[in-house]
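Data first, discussion second: the structure below is written as structure tokens.
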Protein chains: 2
Amino acid sequence: MGKSPNISNQIRSLRFHHEEMTQQQLADLVGVTRQTINAIEHNKYSPSLEVAFKIAVAFNKPLTEVFQYEAH
Amino acid sequence: MGKSPNISNQIRSLRFHHEEMTQQQLADLVGVTRQTINAIEHNKYSPSLEVAFKIAVAFNKPLTEVFQYEAH
DNA sequence: ACACCATGTCAAAAATATTATACATTAATA
DNA sequence: TATTAATGTATAATATTTTTGACATGGTGT
């Protein structure tokens, strides 16, 4: 659904809370490419639910702590 | 990410808990088609995070109560 | 200065999600 | 019987996400 201004995320800050985990390292944990992590981090589009869940697992956080939704 | 055996959901039972809300009615609330709801309900693929959030909002539940992830 | 690493970004291709149309089945109902 | 509503499918077309490959930048270290 294209650009998603109504979804935000804490990926960047979570990465730095995790011993400065790099975009590449997170991508490897999740099983996607570095560009995908970068795009999601910058809200270029809303990821699939599966990728979102995998990111949450990588940080050992519930999904809703990584991604927030604000209806408009 | 194609078929998603590691994501399950409670959409069907939530629909019936909501005055027997129909697939079409949920689709209208969410802004997708009936076929999309049907496919998601049957785990044919994992929806976008945005659609997942909208479904959760339609049921007035946190996303993680509607969708569950089980890493394998 | 040079190399290295993390990041931002871009464009084209591949993969996946979603729509649109259509048709079959079942249950309810007039 | 006939009709209507809800659902399960199916296929092709469109939209979106993800990959791949590439290049540029700023920072850090040698």
(message) Kindly evaluate A:F59 against the criterion of being under 9 Å from the mean Cα position of the chain (by Cα) and either aromatic (F, W, Y) or within 16 Å of B:S46 (Cα to Cα) (or both).
(response) no
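May I ask you to verify whether A:P62 is under 22 Å from B:A71 (Cβ atoms) and either surrounded by fewer than 17 Cβ atoms within 10 Å (Cβ to Cβ) or more than 14 Å from DNA strand D (Cβ to nearest atom) (or both)?
Judged against the criteria, A:P62 is a match.
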(request) Scan the stretch B:2-23 and give yes if some residue there is within 8 Å of DNA strand D (Cβ to nearest atom), open to solvent by less than 20 Å² (accessible area, probe 1.4 Å), touching an Asp or Glu at 6+ places or on another chain (Cβ under 9 Å) and not β-branched (V, I, T), otherwise no. (result) yes
(message) Filter the stretch B:36-58 down to the residues that are farther than 16 Å from B:Q68 by Cβ, open to solvent by 30 Å² or more (accessible area, probe 1.4 Å) and more than 11 Å from chain A (Cβ to nearest Cβ) and list them by number.
(response) B:T36, B:N38, B:K44
(message) With the structure loaded, tell me whether B:R12 is within 8 Å of DNA strand C (Cβ to nearest atom) and free of Cβ contacts under 8 Å to residues at least 40 places away in the same chain or whether it fails that test.
(response) no
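The values are calculated or read from the model by the stated rules, or taken from the named source; none is laboratory data. Bear in mind the structure is a predicted one, so any value in this text is a computation, not a measurement. Cβ sites come from the backbone with ideal geometry, for glycine too, and all protein chains shown count toward neighbours. With ligands, DNA and RNA removed, areas are computed over all heavy atoms of the protein, side chains included. Shrake-Rupley method; radii C 1.70, N 1.55, O 1.52, S 1.80 Å.
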